[in-house]
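Below is one structure; the comments refer to it alone.
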Amino acid sequence: MRGVRVFFKMLIRALARQKRKHLMIAFTVGLGVSLATAMLGVMFDVGDKVNQELKSYGANLSVVPKGASMLGDLYQSREIDSGADGKANGQVDGRADGRASGRADGKANGRASGRADGKANGRVSGRADDGTISLDDNDYLPEDQLYKIKMIFWAYNIVDFAPYLTVEVQAGDQTVPLTGTWFNRTINLPTGESVTTGMMALKSWWTLNGAPGDDGAPLKALVGSELAKRQNLAPGSRLSVKGPNGLSRELTVAGVFHSGGEEDNGIVSTLALAQELADRPGLVQRVEVSALTTPENELARRAALNPGSLSRVEWDTWYCTAYISSIAYQIEEILPMVRVKPILRVAQSEGAILEKTQLMIVILTILTLLCSALAISNLVTANVMERSVEIGLMKALGASGLAITALVLAEILVASCFGGLAGYLVGLGLAQLIGLTVFGSWVAVKLAVIPIGALMVLAVSLAGSLPALRALLRLKPTEVLHGR
Amino acid sequence: MSDNILDVIDVSKIYGPVKALQNVSLSVRPGEWLAIMGPSGSGKTTLMNIVGCLDSPSLGRVILDGLGLDQLTAGELTAIRREAIGLIFQQFHLIGYLNALENVMVAQYYHSLVDEAEALEALAKVGLADRAKHLPRQLSGGEQQRVCVARALINHPKLLLADEPTGNLDETNEGLVMDILHGLHRQGGTIIVVTHSPEVAQHAERVVVLEHGRVASDSRGADFSDPSGASQTA
Ligand SMILES: Nc1ncnc2c1ncn2[C@@H]1O[C@H](COP(=O)(O)OP(=O)(O)OP(=O)(O)O)[C@@H](O)[C@H]1O
Ligand SMILES: [Mg+2]
């Protein structure tokens with residue numbers, strides 16, 4: 001159709017003639033869209049990212065032997081109320097043990113206060129060391145069963161787990177806790193899959209000077225920064241340790257770590273070494289698990305109190321949702337000898353932080369788009385004002401408000417689409433930049449961002465054009481076509 | 001009612017202290033050719049704008065082709081401009097980024113269908129066949145004015161309102177434009193021409209003189225298409 005041709009001719013000529021203004025519009029839209037794309041791209045991906053990030057604040061499940069845990073129940077729940085974090089985890093279990101031994105030798109009160117000032121490990125092992133208590137095997141978990149943690153219904157939500165066995169050793173003239181663990185162990189599941197898990201990933205807030213621990217090198221160990229300072233140890237130093245059973249081992253310091261907690265006074269070694277020094281082959285004292293969880297709700301809270309109180313349907317819903325309580329329940333199902341305690345504070349804040357982060361991103365995105373719309377509004381208004389004579393003339397020639405609006409809008413949309421496309425591409429890059437700098441990983445931008453981006457371009461340019469279009473419709477030809 | 005194409009009834013246009021038009025009444029029959037003359041500032045353009053549905057009177061009514069303009073919405077007024085009126089502005093006004101041909105085609109586009117051949121022919125009639133692809137700024141004042149004439153006539157308007165259509169033209173081109181107006185007149189078109197030029201006014205059948213916004217004289221000659229006929233001076 002010829003009419004369409006005239007329209008496009010007018011459109012193209014108008015675009016070409018006001019190149020700079022349209023470039024500015026494109027640039028403004030591009031800026032808004034690039035930021036919005038980046039933020040939304042990050043937001044859609046942020047669930048995993050934030051969860052992975054929060055994992056570094058410690059495990060959110062603590063797996064302990066049933067017997068030990070039962071005795072420690074009271075104590076443990078108090079500890080959680082007073083604000084457990086990932087690091088408290090180890091102490092909780094340590095205390096549980098200590099509590100048990102404390103009861104055994106009738107010095108519960110003294111113990112408890114000692115622990116309260118944060119020296120759980122020392123005390124516990126100290127007791128064990130002077131042989132006043134007998135540790136029975138109910139206080140331990142079999143190392144070779146732990147792989148089952150990765151075989152529960154929510155296996156894929158188990159991000160990481162690591163077992164621990166702490167033994168008090170003689171290092172130089174000091175008694176220090178030596179904790180054996182899996183640093184970064186790959187285990188093969190009966191399903192044929194293999195998973196890599198261990199302490200290094202759980203304790204990602206630790207800073208490490210030197211090499212990370214190596215599960216294959218039992219005589220290499222990590223030393224806490226406090227201990228290293230006291231004993232003048234550095235990566236490569238030698239350190240002789242002697243277990244309660246009299247066994248001596250000459251260790252090489254692979255690295256010095258700083259955790260900011262009690263661990264800085266101790267040694268972290270392979271599980272095998274700790275088992276050897278403690279005379280507990282194949283056993284661990286506790287396991288820390290980091291799981292991705294759904295924020296708790298009413299159902300989860302009721303289930304946590306008493307899973308038996310749920311109706312059939314509620315039960316299914318609960319079981320098939322990655323609540324921290326259902327994951328805990330499933331681990332207890334698959335490992336009957338354990339008791340799993342959620343570390344509630346961490347789990348809750350995890351969900352809350354995620355939601356808050358996403359809300360913040362949405363708000364920022366809306367604000368960004370609002371700013372773009374404002375800037376576009378100015379540009380379009382200037383554009384329309386500059387062309388008022390032309391617009392008045394078109395009206396005088398019989399152009400309807402709709403026809404002129406269509407032309408002006410088409411111009412803005414063409415400019416906006418170019419800007420939006422460029423902005424989208426820049427935004428993809430920006431998202432990666434944010435992902436890499438903030439979360440240390442690539443962001444997988446979801447396809448959903450494209451239609452949302454297109455809608456944003458449309459909304460922003462339309463909203464931005466509205467005031468100018470109103471002025472355009474109100475414009476009287478005689479006001480601009482001064483024929484007098 | 002009346003079978004006039006235009007009835008201006010007791011129209012005043014007041015701009016603050018300035019009374020651009022005062023109680024102007026005027027009736028135009030279909031097919032009539034009217035010249036409006038008068039000194040600068042006498043309200044000629046104001047009257048044309050009101051008749052052309054671009055402006056509304058402060059007082060009084062205008063009835064165009066049986067329709068009371070005061071009763072119509074902005075959209076309906078636009079439709080009348082588009083369908084029935086051809087406008088030639090005193091200061092021509094072309095769209096700067098469109099060439100001469102496209103400027104004519106824009107009027108077709110808003111009116112109905114675009115016909116490039118017809119638009120070219122209209123340009124040829126005003127002697128601009130070889131200027132079709134020139135942008136307004138590449139055209140002289142007279143050439144621009146002739147593009148405006150071509151644009152105003154392209155949709156065969158019932159009523160042509162021409163404000164100084166020959167103000168910038170030499171004799172030859174003035175003759176060209178006058179021939180075109182005669183053509184429209186022969187086809188039954190109604191023409192209102194504002195002019196300072198007695199020669200141009202001579203072509204009209206009737207001359208209305210405005211002074212200080214009032215109708216000073218309204219004289220109907222026999223047939224002014226003959227230059228030797230009676231003439232008025234402003
Ligand atoms: N928008 C306006 N605001 C104020 N005064 C106006 C406006 N439009 C016209 N006038 C005044 O109305 C009077 C008539 O103006 P108009 O343009 O109709 O004169 P004209 O007869 O066309 O003059 P010319 O021959 O110079 O074109 C003038 O005094 C002018 O200053
Ligand atoms: Mg005038």
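The values are calculated or read from the model by the stated rules, or taken from the named source; none is laboratory data. Keep in mind it's a predicted model, so treat the numbers as computed, not measured. We place every Cβ from the backbone using ideal geometry, glycine too, and count neighbours over all the protein chains shown. Areas reflect the complete protein model, heavy atoms only, side chains present, ligands, DNA and RNA absent. Shrake-Rupley method; radii C 1.70, N 1.55, O 1.52, S 1.80 Å.
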Fill in: Selection count where residues are free of Cβ contacts under 8 Å to residues at least 12 places away in the same chain and of a type in the set (A, V, I, L, M, F, W, C), scope the range B:125-168
1
Worksheet item: For residue A:229, all conditions in the list (1) touching a residue at least 12 places away in the same chain (Cβ under 8 Å); (2) in a helix (DSSP H, G or I) hold save one; what is the number of the exception?
Response: (1)
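Tell me which residues, restricted to the range B:121-131, are assigned to a loop (DSSP other than H, G, I, E, B) and surrounded by 18 or more Cβ atoms within 10 Å (Cβ to Cβ). Working first, answer last.
Just the residues of the range B:121-131 that are assigned to a loop (DSSP other than H, G, I, E, B), to begin with: B:126-128.
Within the range B:121-131, B:126, B:128 qualify.
Let's see how each residue does on (1) over 22 Å from residue B:3 (Cβ atoms); (2) among the charged types (D, E, K, R); (3) more than 9 Å from chain A (Cβ to nearest Cβ); (4) in contact with a His (Cβ under 8 Å, 6 or more places away or on another chain):
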position: B:52; (1), (2), (3), (4): no, no, no, no
position: B:56; (1), (2), (3), (4): yes, no, yes, no
position: B:62; (1), (2), (3), (4): no, no, yes, no
position: B:82; (1), (2), (3), (4): yes, yes, no, yes
position: B:98; (1), (2), (3), (4): yes, no, no, no
position: B:110; (1), (2), (3), (4): yes, no, no, no
position: B:130; (1), (2), (3), (4): yes, yes, yes, no
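Filter the range A:156-187 down to the residues that are out of contact with any helix residue (DSSP H, G or I) (no Cβ under 8 Å at 6 or more places or on another chain) and not in a strand (DSSP E or B), then identify the one that is most open to solvent (accessible area, probe 1.4 Å).
Here the residue is A:156.
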Worksheet item: Taking the range B:168-217 on its own, how many of its residues are touching a Lys or Arg at 6+ places or on another chain (Cβ under 7 Å) and either surrounded by fewer than 16 Cβ atoms within 10 Å (Cβ to Cβ) or under 17 Å from residue B:46 (Cα atoms) (or both)?
Response: 3
Worksheet entry | Flag if residue A:413 is away from chain B (no Cβ under 14 Å) and more than 23 Å from residue B:84 (Cα to Cα) | yes
Worksheet item: Restricting to helices (runs of 4 or more DSSP H) lying wholly in the range A:304-414: which have 2 or more residues that are of a type in the set (A, V, I, L, M, F, W, C), in contact with a Leu (Cβ under 9 Å, 6 or more places away or on another chain) and surrounded by 19 or more Cβ atoms within 10 Å (Cβ to Cβ)?
Response: A:324-334, A:344-386, A:388-396
Discussion item. Checking residue A:458 against (1) over 21 Å from residue A:414 (Cβ atoms); (2) surrounded by 14 or more Cβ atoms within 10 Å (Cβ to Cβ): exactly one of these is not met. Which one?
Written reply: (1)
Discussion item. Considering only residues that are within 16 Å of residue A:468 (Cα to Cα) and small (Gly, Ala, Ser), which ones fall in the range A:367-399?
Written reply: A:372, A:373, A:375, A:377, A:382, A:388, A:392
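Show me the helices (runs of 4 or more DSSP H) entirely contained within the range B:20-120 in which 3 or more residues are more than 16 Å from ligand 2 (Cβ to nearest atom) and surrounded by fewer than 24 Cβ atoms within 10 Å (Cβ to Cβ). Talk me through it step by step, then tell me what you get.
Numbers: elements: B:44-51, B:74-84, B:100-111.
By residue number, B:74-84, B:100-111.
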Practice prompt. Scan the range B:1-45 for residues that are without any contact (Cβ under 8 Å) to a residue 40 or more places away in the chain and within 15 Å of ligand 1 (Cβ to nearest atom) and jot them down.
Written response: B:15, B:16, B:17, B:18, B:40, B:41
Worksheet item: Restricted to the range B:47-62, and to residues that are within 12 Å of ligand 1 (Cβ to nearest atom) and free of Cβ contacts under 8 Å to residues at least 60 places away in the same chain, which residue is nearest to residue B:75 (Cα to Cα)?
Response: B:54
